[in-house]
């Protein structure tokens with residue numbers, strides 16, 4: 001993806017999209033789509049329902065402003081996000097079919113998730129039941145295992161980055177902080193404050209186990225309605241994370257507490273693996289058909 005073009009350039013694409021109908025196209029332009037309802041706003045753009053005119057295939061079109069991307073210094077981040085997400089094929093990961101751009105905008109052609117934002121659902125019901133939370137965590141753990149097997153670290157698992165399809169299957173929708181790291185350990189402080197693991201807060205190197213920590217924080221938030229280390233100030237939140245100051249309300253089951261406590265471990269080598277998670281009693285008892 002480029003962020004600047006000559007004045008004679010109109011619209012270009014350098015990826016190939018393949019829909020469920022099998023249609024392929026190597027060059028897209030805005031005129032290929034009928035633009036429908038506004039679906040929501042992200043940090044760097046808006047998302048619209050759209051239909052590809054030739055195949056009638058429904059997608060979500062994410063529109064990014066190039067000047068804003070340049071101003072925020074995230075052009076490289078967007079390139080990396082596109083490169084990583086476009087190669088992922090998993091039931092619990094939102095498909096990125098392709099992209100194109102013109103002088104002012106970048107357009108991402110995404111799978112349409114009819115169930116909407118998981119964050120909004122959590123806000124409405126305050127907290128999920130344990131079977132519902134376990135189902136979501138299982139789906140996310142499967143997606144993360146798929147990513148980790150391909151040396152992709154997500155680094156920003158949180159409710160705001162999750163969507164639901166029409167079957168209420170959860171999908172990871174945002175790969176803005178993801179990285180392909182087959183051999184190296186990373187030192188970048190990235191992600192969302194309440195979800196940062198101790199190794200990031202303390203400026204230490206991190207690896208794929210940061211996603212295990214985020215999964216533990218997410219599970220707690222699903223069941224309680226707020227993250228476990230939330231505090232009035234950033235300094236207090238950091239201290240609670242470093243100390244792993246983890247406290248559970250009495251309505252959280254013992255099995256759920258055990259699973260979360262085994263993910264939220266300061267020693268990265270001692271965090272429960274995704275394979276162990278699938279065998280944990282809380283998952284097995286709540287998702288017997290996982």
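The values are calculated or read from the model by the stated rules, or taken from the named source; none is laboratory data. Computed from a predicted structure; not experimentally measured. Note that we place each Cβ from the backbone using ideal geometry, even for glycine, and neighbour counts take in every protein chain shown.
Overview of results
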item: Region 198-213, subset in contact (Cβ under 8 Å) with a residue 60 or more places away in the chain and farther than 18 Å from residue 137 by Cα, residue surrounded by the most Cβ atoms within 10 Å (Cβ to Cβ); result: 206
item: Residues located in region 90-125, provided they are more than 28 Å from residue 221 (Cβ to Cβ) and part of a loop (DSSP other than H, G, I, E, B); result: 102, 103, 104
item: Filter pass, residue 20 being farther than 26 Å from residue 116 by Cα, modelled with pLDDT under 90, exposed (fewer than 12 other Cβ atoms within 10 Å of the Cβ) and out of contact with any helix residue (DSSP H, G or I) (no Cβ under 6 Å at 6 or more places or on another chain); result: no
item: Filter result (buried (at least 20 other Cβ atoms within 10 Å of the Cβ) and free of Cβ contacts under 8 Å to residues at least 40 places away in the same chain) within region 134-179; result: 161
item: Flag if residue 242 is part of a helix (DSSP H, G or I) and surrounded by 13 or more Cβ atoms within 10 Å (Cβ to Cβ); result: yes
item: Filter result (under 23 Å from residue 120 (Cβ atoms) and out of contact with any helix residue (DSSP H, G or I) (no Cβ under 8 Å at 6 or more places or on another chain)) within region 214-236; result: 224, 226
item: Complete set of residues in region 26-42 that are free of Cβ contacts under 8 Å to residues at least 24 places away in the same chain and either assigned to a loop (DSSP other than H, G, I, E, B) or assigned by TED's automatic domain parsing to the domain that holds residue 174 (or both); result: 26
item: Residue in region 89-104 that is nearest to residue 71 (Cα to Cα), counting only those that are touching a residue at least 12 places away in the same chain (Cβ under 8 Å) and surrounded by fewer than 16 Cβ atoms within 10 Å (Cβ to Cβ); result: 104
item: Enumeration of residues in region 255-273 that are crowded, with 19+ Cβ neighbours inside 10 Å, under 22 Å from the mean Cα position of the chain (by Cα) and assigned to a helix (DSSP H, G or I); result: 259, 260, 263
item: Failed condition for residue 136, given (1) outside the structural domain of residue 39 (by TED's automatic domain parsing); (2) touching a strand residue (DSSP E or B) at 6+ places or on another chain (Cβ under 7 Å); (3) within 30 Å of residue 65 (Cα to Cα); (4) outside any loop (DSSP other than H, G, I, E, B); result: (3)
item: Residue in region 231-239 that is in a loop (DSSP other than H, G, I, E, B), at pLDDT 90 or above and under 18 Å from the mean Cα position of the chain (by Cα) present; result: no
